[in-house]
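Structure first, commentary second.
The values are calculated or read from the model by the stated rules, or taken from the named source; none is laboratory data. No experiment lies behind these values; they were computed from the predicted model shown. Cβ placement follows ideal geometry from the backbone for every residue including glycine, while neighbour counts extend to all protein chains displayed. Protein only, heavy atoms only, side chains kept; ligands, DNA and RNA dropped before computing areas. Shrake-Rupley method; radii C 1.70, N 1.55, O 1.52, S 1.80 Å.
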Amino acid sequence: MSRQQVINYGITDASVSSSKIAGQLPTPLSVGQAPQSNVMFAVSGAVTSGIATQGAFEVNPVFPATTTTRALLFEGGIATAAASFTVPDARVFSALAPTLGAGSAITNMMALYVGNMGAAGVANAYGVYVAPQSGASGANIGIYNGGSMQVQGAIGMGQGPMAWWGLYVGGTYTNNSGGPGELGGIAIGGTLATNYNNDVIAALYISPTFQDNGHTGVAHYAIHSPTTAPSVFAGPITINNTLSVNGTLQGITGGPYTTDWFRCSTSGQGLYNSAQGVGISFDSTGPTVYGGSGGKLISTTMTGLVSTAMIAANAAQQFLSGYQGTPGFSTTTTGQWLQTAMVFSFTSTGGTLRIELNATAAHSVAGGAWYVGIGCDSVSPSIYIYGSTQLANNWSPISLVFYWAPGAGSHTVYGVVYNASAGTFTLASVGYASLWVTEQKR
Amino acid sequence: MTSAPQVGIDVEGRRIALAQLQAELEAAGIALPRGLTLSGPAEPHDPMLMPTPNEVPVQAAGSRLYTIDDQGNPIDLPPEAAAIVEAHVPA
């Protein structure tokens with residue numbers, strides 16, 4: 001024999017099993033408060049059990065063996081009436097901000113807590129499973145987080161997460177925009193702003209702690225790109241440590257006077273191949289080439305490698321001035337150095353001067369003696385040779401070379417003669433006489 | 001370029017036997033204690049046509065006949081030497 005009591009559709013004893021309770025109840029209904037006309041079922045009021053863990057709803061049904069398609073604990077969706085109107089904001093579940101009574105506090109406030117869905121017998125456990133969003137005229141986003149997010153485990157993009165990669169970008173990302181553009185695995189855009197002087201703003205900041213845990217041969221890389229695809233940086237790259245190049249280091253454009261050229265900032269630095277022991281360094285004296293023992297580059301230890309073509313004009317010696325002609329000089333004056341037509345002035349830069357004189361001379365008297373010399377800034381000779389004409393008017397060839405280091409400036413050289421015997425001494429005009437000055441630049 | 005001295009008489013291409021001319025000048029009372037010098041552009045001549053003894057090569061116009069002072073500097077001959085030079089004929 002059961003007992004029931006129904007007053008204004010409220011239930012005061014839920015232990016009854018009358019068919020009136022099991023059937024459809026009119027709305028609105030409420031628990032702990034008066035029914036509200038705009039809410040089909042309302043629960044409010046204080047929970048007064050006095051037990052440490054209390055709640056508004058607790059649902060723990062047991063699904064029988066006939067549940068072979070899907071087990072649902074809560075399922076519901078928004079439906080609207082067949083009429084012309086727009087609902088500005090529709091939410092299947094809506095968690096509101098908490099309201100704390102005076103003096104109360106909450107340590108961890110969570111709008112949604114999802115426990116571990118994994119257990120023995122569960123094939124795939126998902127805390128939150130969001131189906132792909134599509135069909136909306138605007139955004140189609142699975143999860144929108146208006147604030148921050150903390151992920152304690154790994155993240156897999158396009159595939160399941162892998163515990164050894166904090167963030168792994170897999171899957172396939174395709175440009176379907178209708179035109180060429182840029183796409184890739186990770187893009188960093190947005191705005192990076194600071195409010196402080198001397199700040200460091202980095203689009204990608206890499207500063208991990210490497211732990212080898214006692215293992216050897218472990219390589220550490222800030223960035224490791226095993227692909228052979230090139231990397232392109234439109235901006236400059238600063239290397240504050242060693243730059244090791246296993247391949248080819250080459251400039252793309254430019255020359256020694258542009259910023260595109262390879263540069264060293266310290267005197268003595270340059271390019272060095274440690275395998276061959278060869279390199280080029282640069283200091284205040286210019287480039288120095290180190291060829292090593294087996295290299296083919298020019299070095300101070302190698303000889304015979306500079307060809308004539310490698311020496312610039314006037315780098316080794318330079319012709320300064322000269323006389324070439326038929327001097328037409330005859331004299332009966334004896335015992336005196338005399339200037340001839342072989343005379344000229346020139347300007348040297350301070351190198352040693354090579355002076356060459358060639359002429360032909362004769363005396364009108366058999367056995368007549370004479371001298372021919374080179375005067376440097378003076379008719380008095382710096383060097384001379386002696387001759388004696390054994391047959392009257394018999395010509396004698398003369399050749400003289402003198403090295404002179406007078407220093408830089410204007411100088412005069414003279415072809416001079418000295419008639420040592422009575423009679424006529426003559427510089428022949430049968431052939432040409434010459435007097436040349438060459439400055440030795442090396 | 002420094003040129004040869006421009007003192008003395010321009011011999012204007014004349015054939016001259018210098019020792020003979022010196023003797024002719026000295027015979028005319030012109031003292032030449034330091035001899036005569038003939039300097040200037042010469043006419044290159046055929047190597048096969050050697051000058052005769054005591055004859056200097058034929059001088060081109062502009063060649064100068066002069067003597068020297070005690071320091072070896074070229075100086076002019078006395079004015080009266082010009083006529084003797086003009087009359088000179090190598091022997």
Identify all residues within the stretch A:40-67 that are closer than 28 Å to A:Ile106 by Cα and among the hydrophobic types (A, V, I, L, M, F, W, C); write none if there are none. A:Phe41, A:Ala42, A:Val43, A:Ala46, A:Val47, A:Ile51, A:Ala52, A:Ala56, A:Phe57, A:Val59
Quick one: what pairs do we get from the stretch A:70-90, first residue in a loop (DSSP other than H, G, I, E, B), second among the charged types (D, E, K, R), C-beta under 6 Å, 6+ apart or different chains? none
Pick from the stretch A:375-399, criterion among the β-branched types (Val, Ile, Thr) and within 14 Å of another protein chain (Cβ to nearest Cβ), ranking: farthest from B:Asn73 (Cα to Cα): A:Thr389
Working carefully through the options A:Thr259, A:Thr242, A:Thr303, A:Thr248, find the one that is modelled with pLDDT under 85 and either over 22 Å from the mean Cα position of the chain (by Cα) or open to solvent by less than 80 Å² (accessible area, probe 1.4 Å) (or both). A:Thr303
Specify the residue that is most open to solvent (accessible area, probe 1.4 Å); the eligible residues are those in the stretch A:382-411 that are of a type in the set (S, T, N, Q) and within 25 Å of B:Gly35 (Cβ to Cβ). A:Gln390
Got at least one residue in the stretch A:360-379 being in contact (Cβ under 8 Å) with a residue 40 or more places away in the chain and among the charged types (D, E, K, R)? no
If you go through the stretch B:51-68, how many residues are open to solvent by 40 Å² or more (accessible area, probe 1.4 Å) and either more than 7 Å from chain A (Cβ to nearest Cβ) or at pLDDT 55 or above (or both)? 4
Might you let me know whether the stretch A:349-365 holds any residue that is modelled with pLDDT of 95 or more, within 21 Å of B:Val7 (Cα to Cα) and not in a loop (DSSP other than H, G, I, E, B)? no
Hey, A:Tyr414 hits all of (1) more than 12 Å from chain B (Cβ to nearest Cβ); (2) open to solvent by 30 Å² or more (accessible area, probe 1.4 Å); (3) in a strand (DSSP E or B) but one; which does it fall short on? (1)
Would you please name the residue that is farthest from the other protein chains (Cβ to nearest Cβ), looking only at residues in the stretch A:327-338 that are surrounded by 23 or more Cβ atoms within 10 Å (Cβ to Cβ) and not hydrophobic (A, V, I, L, M, F, W, C)? A:Pro327
Report yes if A:Phe319 is open to solvent by 50 Å² or more (accessible area, probe 1.4 Å) and either away from every other protein chain (no Cβ under 14 Å) or among the polar types (S, T, N, Q) (or both), otherwise no. yes
Looking at A:Gly407, is it away from chain B (no Cβ under 11 Å), of a type outside the set (Phe, Trp, Tyr), in contact (Cβ under 8 Å) with a residue 12 or more places away in the chain and in a strand (DSSP E or B)? no
Residue check: is A:Gly286 open to solvent by less than 30 Å² (accessible area, probe 1.4 Å) and at pLDDT below 75? yes
Residues that are in contact with a Leu (Cβ under 9 Å, 6 or more places away or on another chain) and open to solvent by less than 100 Å² (accessible area, probe 1.4 Å), drawn from the stretch A:76-110: A:Ala95, A:Ile106
